[in-house]
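Heads up: the structure comes next, in structure tokens.
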Amino acid sequence: MANLIDYEKVRKVYNSGHDEVVALEEVSFAVRDGEFVTVVGRSGCGKTTLLKLTAGLLGPTAGEILMGGEPVRGPLTNIGIVFQSPVLLAWRKTLDNVLLQIEARNLDVAAYRTRAKELLALTGLKGFENKYPGELSGGMQQRVSISRALIHDPPLLLMDEPFGALDAITRDEMNLELLRIWREAKKTVIFITHSITEAVFLGDRVIVMTPRPGRISEIVKLDLPRPRTTALRDDPKFISYVKHIREGLGVR
């Protein structure tokens with residue numbers, strides 16, 4: 001597989017008055033087309049900063065990020081982003097929340113209506129097109145957010161702790177749902193998480209970050225079968241990966 005994204009010695013420094021905070025330092029790795037990459041590390045290690053740099057919402061202080069071989073110089077329009085919160089408009093129905101991105105891009109809403117319904121069916125929300133966010137569970141709201149991120153058929157999906165606020169059972173369900181969507185939609189995913197178990201369960205590789213300034217301490221390639229089920233978490237190899245990453249992060 002060819003590389004979709006290349007990070008080349010990326011450094012990011014935030015300046016606040018006389019203070020300088022180094023968020024990322026010498027980050028270099030690549031993400032292949034169609035790969036599911038998870039990024040794990042302690043709070044403040046620069047995971048979200050890395051995602052914002054990938055999306056072009058921030059510029060690196062040094063180094064470069066390439067998307068399809070071209071330098072990222074500003075906000076990218078051919079990506080999908082899913083945030084920690086679903087960020088749905090309470091007064092818009094499910095289908096209209098999905099189509100919001102199409103409106104923002106000044107595209108023909110009518111032309112995307114069928115695709116929006118297909119995505120809602122893909123994410124298990126067929127029959128909920130006319131429900132308001134307040135009538136949906138937290139997991140269902142995040143499925144709407146994922147559908148909205150996929151509506152314009154981007155090659156890359158960036159996800160920033162999207163399931164962190166969900167209860168454990170719903171989070172497990174959403175992990176399985178996301179893997180199914182990824183497999184069927186054939187996208188590249190970069191997934192930020194604080195959960196080592198989640199990182200191992202979802203990923204092809206795990207990028208392990210050091211505390212600030214964020215550096216890559218290790219890239220763990222996961223030799224685990226797909227499609228995955230929750231039974232995988234009892235597999236000795238899975239447990240070994242989790243233990244290895246936990247020890248690398250200094251978690252006892």
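The values are calculated or read from the model by the stated rules, or taken from the named source; none is laboratory data. Source: prediction; values computed, not measured. Here Cβ is always computed from backbone atoms with ideal geometry, including for glycine, and neighbour counts include all displayed protein chains. Side chains included, ligands, DNA and RNA excluded: accessible areas come from the protein's heavy atoms. Shrake-Rupley method; radii C 1.70, N 1.55, O 1.52, S 1.80 Å.
Overview of results
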{"quantity": "Leading residue by the ranking (modelled with the highest pLDDT) among those in the range 165-184 that are open to solvent by 80 Å² or more (accessible area, probe 1.4 Å) and of a type outside the set (D, E, K, R)", "calculated": "I169"}
{"quantity": "Residues being outside any strand (DSSP E or B) and open to solvent by less than 30 Å² (accessible area, probe 1.4 Å) - total across the range 192-230", "calculated": "10"}
{"quantity": "Residue satisfying all of: in the range 14-48; among the β-branched types (V, I, T) and at pLDDT 95 or above; farthest from I190 (Cα to Cα) among these", "calculated": "V27"}
{"quantity": "Residue ID - nearest to T170 (Cα to Cα), chosen from residues in the range 127-140 that are among the charged types (D, E, K, R) and either open to solvent by less than 50 Å² (accessible area, probe 1.4 Å) or assigned to a helix (DSSP H, G or I) (or both)", "calculated": "E135"}
{"quantity": "Every residue from the range 1-43 that is aromatic (F, W, Y), touching a helix residue (DSSP H, G or I) at 6+ places or on another chain (Cβ under 9 Å) and within 24 Å of R246 (Cα to Cα)", "calculated": "F36"}
{"quantity": "So N97, is it farther than 30 Å from R246 by Cβ, of a type in the set (S, T, N, Q) and either in contact with a His (Cβ under 8 Å, 6 or more places away or on another chain) or open to solvent by 50 Å² or more (accessible area, probe 1.4 Å) (or both)", "calculated": "no"}
{"quantity": "Hits in the range 2-41 - residues which are over 20 Å from M159 (Cβ atoms), touching a strand residue (DSSP E or B) at 6+ places or on another chain (Cβ under 9 Å) and without any contact (Cβ under 8 Å) to a residue 60 or more places away in the chain", "calculated": "A2, E8, K9, R11, V13, Y14, N15, E20"}
{"quantity": "Selection status of G80, touching a residue at least 40 places away in the same chain (Cβ under 8 Å) and either in contact with a strand residue (DSSP E or B) (Cβ under 6 Å, 6 or more places away or on another chain) or open to solvent by 30 Å² or more (accessible area, probe 1.4 Å) (or both)", "calculated": "yes"}
{"quantity": "Residue that is nearest to the chain's Cα centre (by Cα) [pool: residues in the range 1-31 that are of a type outside the set (G, A, S) and assigned to a loop (DSSP other than H, G, I, E, B)]", "calculated": "M1"}
{"quantity": "Failed item, numbered, when P225 is tested on (1) within 23 Å of S28 (Cβ to Cβ); (2) free of Cβ contacts under 8 Å to residues at least 24 places away in the same chain", "calculated": "(1)"}
{"quantity": "Residue among A111, A121, A116 that is crowded, with 17+ Cβ neighbours inside 10 Å and not in a loop (DSSP other than H, G, I, E, B)", "calculated": "A116"}
{"quantity": "Residue in the range 233-248 that is at pLDDT below 90 and farther than 30 Å from S137 by Cα present", "calculated": "yes"}
{"quantity": "Residue that is surrounded by the most Cβ atoms within 10 Å (Cβ to Cβ) [pool: residues in the range 32-65 that are over 17 Å from the mean Cα position of the chain (by Cα), small (G, A, S) and outside any loop (DSSP other than H, G, I, E, B)]", "calculated": "G63"}
{"quantity": "Only listed residue being at pLDDT below 95 and in contact with a Phe, Trp or Tyr (Cβ under 7 Å, 6 or more places away or on another chain), chosen from I151, I146", "calculated": "I151"}
{"quantity": "Residues satisfying the stated conditions in the range 141-164, i.e. open to solvent by 40 Å² or more (accessible area, probe 1.4 Å) and closer than 15 Å to A90 by Cβ", "calculated": "Q141"}
